[in-house]
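> Please find one structure pasted underneath; my questions will follow.
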Amino acid sequence: MSNKNVMLVVLLVLVIIFAVVGIVLGVTFYRNNSANNSNRKQLETFNLTLDDMYCNIKDSKKIVKVKVTVETNNKKSLEVLKEKQFLIRDDINKIIRSKTEDKLQGKEGQVALQKEINESLIELFNDETITNVYFDDLIIQ
C-alpha cells in the first residue's frame, strides 16, 4: 500500500469515529434535555404574598415588620390560602410574638423562622403542597 492509501484509510477511520461519538453525544444530550423539560413542567409553583405585618417581639420593646410570600405547588391550595389569609397572618403573628430578639437575629434566625412558619402552615392547613415560605422584608426596629 502506498503512503497516500494509508493516510486515506486513517483519515476515513477518524471521520467515522468522530461521527459515531458525535451521534452518541447528541442523543445523550437530547435525552437529558427532554428529561429536564419534563421536570420543569412538574415543578410549577404558585405564590401568595401577604401584606406587611407588624409584630411585637417577646420581652422587647422592638417590633418586626415582615412581608411573607407562601409558595405552593398546587393551584387549589393557592385558592384555599387566598381565602384563609387571616389564618396565615394570625399564625405568623403568634410565632413571631413567641420569639425573643436574639432568636430572630442573623441568617440562622431567619432560616429557623421560615422553617417554623412553613411547618406550622402545613399543619394548620393539613397540606403538604405548601413548599416554602419567603420573607420579602424582615426588619426589626
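The values are calculated or read from the model by the stated rules, or taken from the named source; none is laboratory data. Keep in mind the model is a prediction, meaning the values are calculated, not measured. Methodologically, a virtual Cβ is constructed for each residue, glycine included, from the backbone with ideal geometry; neighbour enumeration extends over all protein chains shown.
> Got a number for residues in segment 63-109 being touching a residue at least 60 places away in the same chain (Cβ under 8 Å) and exposed (fewer than 12 other Cβ atoms within 10 Å of the Cβ)?
0
> For segment 114-140, give me each residue that is surrounded by 14 or more Cβ atoms within 10 Å (Cβ to Cβ), free of Cβ contacts under 8 Å to residues at least 40 places away in the same chain and out of contact with any strand residue (DSSP E or B) (no Cβ under 8 Å at 6 or more places or on another chain).
Scanning segment 114-140 gives E116, S120, L124.
> Among the candidates K76, K65, which residue alone is farther than 17 Å from E116 by Cα, in a strand (DSSP E or B) and not hydrophobic (A, V, I, L, M, F, W, C)?
Answer to the selection: K65.
> Just the residues that are assigned to a loop (DSSP other than H, G, I, E, B), surrounded by 13 or more Cβ atoms within 10 Å (Cβ to Cβ) and of a type outside the set (S, T, Y), please, taken from segment 47-61.
L50, I57
> Now for a different question. Can you find a residue in segment 21-32 that is modelled with pLDDT of 90 or more, aromatic (F, W, Y) and either surrounded by 10 or more Cβ atoms within 10 Å (Cβ to Cβ) or in contact with a helix residue (DSSP H, G or I) (Cβ under 8 Å, 6 or more places away or on another chain) (or both)?
There is no residue in segment 21-32 that is modelled with pLDDT of 90 or more, aromatic (F, W, Y) and either surrounded by 10 or more Cβ atoms within 10 Å (Cβ to Cβ) or in contact with a helix residue (DSSP H, G or I) (Cβ under 8 Å, 6 or more places away or on another chain) (or both).
> Is segment 4-16 home to any residue that is in a helix (DSSP H, G or I) and surrounded by 12 or more Cβ atoms within 10 Å (Cβ to Cβ)?
Yes.
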